[in-house]
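S.K.: Okay, handing you the structure first.
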Amino acid sequence: MKVYLVGGAIRDELLGRPVRERDWVVVGATPQQMQDAGYRQVGRDFPVFLHPDTGEEHALARTERKTGPGYRGFELRYSPDVTLEDDLKRRDLTINAMARDADGRLIDPHGGRVDLEARRLRHVSEAFNEDPVRILRVARFLARFQPLGFSIAPETQARMRAMVAAGEADALVPERIWQEIERALGEPAPEAWLRALRDCGALARIFPELDALYGVPQPEKWHPEIDTGLHIELVLQAAADLTPEPRVRFAALMHDLGKGRTPRSQWPHHVGHEESGARLVREVSARLRVPVEYRELAELAARWHGLAHRAEELRPRTILDLLESCDAFRRPERFRELLLAFEADCRGRGGWRQRPYPPAELLRHAQEKTLAVSLSRADREGLSGEAIGELLRRRRLAALKKSA
């Protein structure tokens with residue numbers, strides 16, 4: 001039995017990046033031998049074992065054979081005669097197909113180290129074509145490594161396009177798509193993920209509502225970039241500048257979906273896109289099984305970003321209406337996340353990335369002033385719940401007028 005360190009730990013070590021987790025491949029062992037050695041078996045589709053001391057994952061070396069469409073249509077084989085080279089050949093990218101043995105020797109049969117130095121994301125073998133999840137993974141790795149100068153190799157881009165054209169992306173299930181979206185949104189350059197999916201045609205298959213935004217014009221006065229799809233890329237970039245939180249970045253990504261439904265006769269204006277966008281957020285979230293906290297924040301961003309941008313022009317009563325509509329009193333932390341999504345929308349315009357966004361400070365201040373308002377026991381005495389709510393609202397409105 002031989003144990004090899006594999007995958008991301010090798011890649012990140014060679015890039016000089018922190019190694020956050022380590023995965024291992026075991027060659028020459030059976031599941032029973034692993035259990036006899038004290039490893040605990042986990043994993044539904046094939047045996048993966050947790051080390052009895054470190055808890056790190058150890059997988060038996062395996063091969064795969066395509067038996068059907070999608071990412072689940074595989075027959076897995078693991079036995080003591082499967083070699084390390086067999087296992088590495090089935091991996092997605094060359095930079096993820098390296099290993100180290102117990103003596104620290106680098107094993108790199110597919111040129112991963114050269115591709116790291118060339119800042120290139122390149123597929124390992126013909127097996128890449130068999131798993132459509134790899135399209136999403138390559139886009140996600142670009143979102144992670146583009147700031148280091150990485151790009152997708154032309155031959156790998158061609159394979160991704162061919163897979164989409166062959167219908168492989170259509171076999172992806174919502175849960176797997178969402179898992180990759182959420183992870184990509186947490187990477188340093190999520191806009192690169194969006195661009196990579198569109199370049200290979202996968203965006204139109206898994207997220208047609210976003211793909212529909214490309215080529216849709218907006219008024220140049222407010223959007224020097226004009227194209228709504230390009231605007232979304234810039235918004236994602238701005239959101240990544242503002243926060244590492246994927247939930248906020250998702251809200252920023254989704255805020256303008258309604259513009260894809262504007263009739264051409266109304267271009268470049270998009271009257272009512274906020275309401276239609278909020279409906280689309282609900283539809284997309286249902287289709288992709290998006291978690292409730294993501295969906296709620298994105299729906300608020302879609303519905304209220306236009307009004308929030310005009311906060312400096314609004315009367316105190318309208319400000320209070322906006323705070324109430326966004327549930328800013330019961331969910332104050334979420335409202336502050338929403339302000340980040342609004343700010344990303346403003347900064348995500350051609351040449352506006354460094355511009356200040358005064359509405360955020362104004363609305364934060366308004367939230368603080370109104371949250372500080374409270375009613376004493378004497379104030380509540382003799383009043384019904386509805387009357388108490390109306391009194392509290394009047395006091396909050398008075399506080400906003402006083403601070404205006």
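Values quoted throughout were computed directly from the atomic coordinates according to the rules given, and no laboratory measurement underlies them. Worth saying up front: this structure is predicted, and the values here are computed from it rather than measured. FYI the Cβ positions are ideal-geometry reconstructions off the backbone, even for glycines, and counts take in every protein chain you see.
S.K.: Given a Förster radius of 35 Å and the C-beta distance between Ala37 and Glu293 as r, what FRET efficiency does 1/(1 + (r/R0)^6) yield to the nearest 0.05?
M.R.: 0.25
S.K.: Next question, about the same structure. Please rank Asp115, Asp103, Asp256, fewest neighbouring Cβ atoms within 10 Å first, as an exposure proxy.
M.R.: On the way: Asp115 21, Asp103 5, Asp256 28.
Ascending number of Cβ neighbours within 10 Å: Asp103, Asp115, Asp256.
S.K.: Taking K and R as +1 and D and E as -1, what net charge do the other residues with C-beta under 14 Å from the C-beta of Thr318 add up to?
M.R.: Net of charged neighbours comes to +2.
S.K.: Longest segment of the chain with no GluC sites (Glu not before Pro) in a DSSP loop having at most 11 other Cβ atoms within 10 Å?
M.R.: The reported range is 22-219.
S.K.: A further question on this structure: Would you look at the GNM of the chain, springs on alpha carbons closer than 10 Å, and say which of Gly272, Gly201, Gly38 moves the most?
M.R.: Per the Cα network of the chain with a 10 Å cutoff, Gly38 tops the list.
S.K.: Under 22 Å from the Cα of Lys369, which lysines turn up, not counting those fewer than eight places away in the same chain?
M.R.: Straight-line reach from Lys369, under 22 Å: Lys401, Lys402.
S.K.: For the stretch 1-118, list log₁₀ I(q)/I(0) at each q in 0.10, 0.15 Å⁻¹, using the Debye formula over Cα point scatterers of equal strength and ignoring solvent, two decimals each.
M.R.: Log-scaled intensity ratios, in q order: -0.31, -0.70.
S.K.: Okay, next question. Per residue, what volume in Å³ does the Cα convex hull of the stretch 132-206 take up?
M.R.: Per-residue hull volume (Cα only) is 64 Å³.
S.K.: Give the long-range amide H neighbours of Ile152: residues separated by 5 or more places, or on another chain, with amide H under 5 Å away, using H modelled in the peptide plane at 1.01 Å from N.
M.R.: Close amide H contacts, sequence-distant or interchain: Leu121.
S.K.: So, with +1 on the Cβ of K and R and -1 on the Cβ of D and E, and no other charges, what is the size of the charge dipole of the chain about its Cα centre, to the nearest 20 debye?
M.R.: Values: 65 positive and 63 negative charges, 232 e Å.
Dipole size: approximately 1120 debye.
S.K.: Also: Compute the normalised compactness of the stretch 254-310: alpha-carbon radius of gyration over 2.2 N^0.38 Å, N being the residue count.
M.R.: 1.14
S.K.: Who wins for biggest fluctuation among His123, His110, His255 in a Gaussian network model of the chain, springs between alpha carbons below 10 Å?
M.R.: Highest fluctuation among the options: His110.
S.K.: Between Pro18, Pro263, Pro190, where does the largest GNM mean-square fluctuation fall for the chain, given springs only between Cα atoms within less than 10 Å?
M.R.: Pro18
S.K.: Here's a follow-up. When 1/r is averaged over all different Cα pairs and the result inverted, which Kirkwood radius in Å belongs to the chain?
M.R.: Every distinct Cα pair counted, the radius reaches 24.0 Å.
S.K.: Another question, then. Counting only helical runs of four or more DSSP H residues, what would the 222 nm mean residue ellipticity of the chain come to if each run contributes -39,500 (n - 2.57) and the total is spread over all its residues?
M.R.: Values: 19 runs with 204 residues, N = 404.
Counting only the DSSP helices, I get -15000 deg cm²/dmol.
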